[in-house]
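Working notes for the structure below.
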C-alpha cells in the first residue's frame, strides 16, 4: 500500500470514529476495560499528536502527554488529526523519521501505523455505540495482519523479551498458521522470540477467516465465532496471550 492510500483511509476512519464516539462520551468501550468513548478519543488524540510532534522534533516529545483539552476530547482529536495530517502530507514516505521499530525509520512507517491505529479504534467506537462494524478494506486488513505479527509480535518479542514473561520463555517452538483468504503467515512461538514467515507451511494449530475478522481477532476485538480454528487450542491461546502483551 502506498502513502496516499494510507492517508485516505486514515481520514475516513478518523471521521467515522469521531462521529460515532462523540454521540455518547460516557459509553463503555467493550474491549478496552475501564475506558469510555471520551477516554478512547483522548487516547487516539494523544497518539496522533505524539507522532506529529515526533516527526516535527526528530525526538520523542517530553513531557508527555499534554494536559486535557478544555474544549473536550472531540476537539482535541480534531487538533491532533490536523497536526498529524499536516506532518504526513508535507513529507515524503521515505524521509527519515524516528520510530520505535528499528528496521523502518521513515515517515512511511507512521503513515501505515496511524492508519492501522485509526481503523482498530474506529471499530472500538462502533462497538461502544452498539453499531455494526463498517467493513475494513481488504488491503488494509491484510496489511494490518502483517503489521501486528511482524512489527508488534516478532520484533517486540526479540527486542523486549522481558515484557512477555513466561508466556514467551515457556514457548516450545511450535507454530500457528494464520490464513486470511489467499494470504498466509506461519508464526513460530519460540522462547528465543517469535518468528513470522509468509507462505503455506502448516503449523501445529491454525486460524483462518476473512481478513477483517482475523485482524480484529489478533487485536482482541473479534468473537471467535467468525473464525475457524484447528489443531492444538493451547497453542492458539498462547499466541493470543503473546499478542495481548505485545499490544498493551
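The values are calculated or read from the model by the stated rules, or taken from the named source; none is laboratory data. Just so it is clear, the model here is predicted, and its values are computed rather than measured. Neighbour counts are summed over all protein chains in view; Cβ atoms, including those assigned to glycine, are modelled from backbone coordinates with ideal geometry.
Tabulated values for the structure
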read-out	value
Single residue of segment 203-248 satisfying the filter (over 14 Å from the mean Cα position of the chain (by Cα) and at pLDDT below 95) that is nearest to residue 176 (Cα to Cα)	224
Residue 177 being modelled with pLDDT of 95 or more, within 17 Å of residue 218 (Cβ to Cβ) and in contact with a strand residue (DSSP E or B) (Cβ under 7 Å, 6 or more places away or on another chain)	yes
Filter result for residue 198 (modelled with pLDDT of 95 or more, surrounded by fewer than 16 Cβ atoms within 10 Å (Cβ to Cβ) and in contact with a helix residue (DSSP H, G or I) (Cβ under 9 Å, 6 or more places away or on another chain))	yes
Residue ID - farthest from residue 142 (Cα to Cα), chosen from residues in segment 179-197 that are in contact (Cβ under 8 Å) with a residue 40 or more places away in the chain and in a strand (DSSP E or B)	189
Subset tally (residues that are crowded, with 16+ Cβ neighbours inside 10 Å, more than 25 Å from residue 163 (Cα to Cα) and free of Cβ contacts under 8 Å to residues at least 24 places away in the same chain) for segment 214-241	1
